[in-house]
Amino acid sequence: MEFPLYDGDNKFNAAGLRDALLAQKERGKAIVVLNFPNNPTGYTPGAEEGRAIAPLKDAADAGINVVAVTDDAYFGLFFEDSLQESLFGQLCGLHERILPIKVDGATKEEYVWGFRVGFITYGGLSEASLSALEQKTLGIIRATISSGPHPSQTYRPPPR
């Protein structure tokens, strides 16, 4: 599903996102990638526009299962009046039909050119669901990446 990124006021097109999501009602599911700052435009929504991402909840209320992937590439390179945090936090716990996924990687800002390490964070689910997703993710990584470095495949949860 695609929709114009900007509305008539050159703001995030929340109405276009809502229409695109609700058009998926018959399918019952949708995947949304929220990539800010957007490449190649560099566009990042402001705080008010960030709150306007509510069409995701509208779609979930309509019975659509929504996977919302946030990709905050180059996060930390802020423009005036732009969001200073990921939309991922706003999506966690927003609705039981919304699965927020945050994808990150070690960035140029941390001087890790060519060091291919990525991070996936799932939010807003029960412990059992998160555990199942973790196991599936680990299986996919092992099945598709040959000879990945051990540190990037090892996770130890913090003590409670």
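A few notes on this one:
- The residues neighbouring Ala60, those whose beta-carbon lies less than 13 Å from its own, together hold a net charge of +2 under the Lys/Arg +1, Asp/Glu -1 convention.
- Put simply, the amide H of Asn35, placed in the peptide plane, has neighbours under 5 Å in Asp71, leaving out anything fewer than 5 places away on its chain.
- Built amide H within the under 5 Å cut-off of Gly124, gap 5+: Gly93
- Cα-Cα separations in region 5-54 greater than 18 Å, expressed as whole percent: 33
All of the numbers you see were taken from the coordinates with simple rules; none came from a lab. The shown structure was predicted, so the numbers you read here are calculated from the model rather than taken from an experiment. Please note: Cβ atoms are built from the backbone with ideal geometry, for glycine as well, and neighbour counts cover all protein chains shown.
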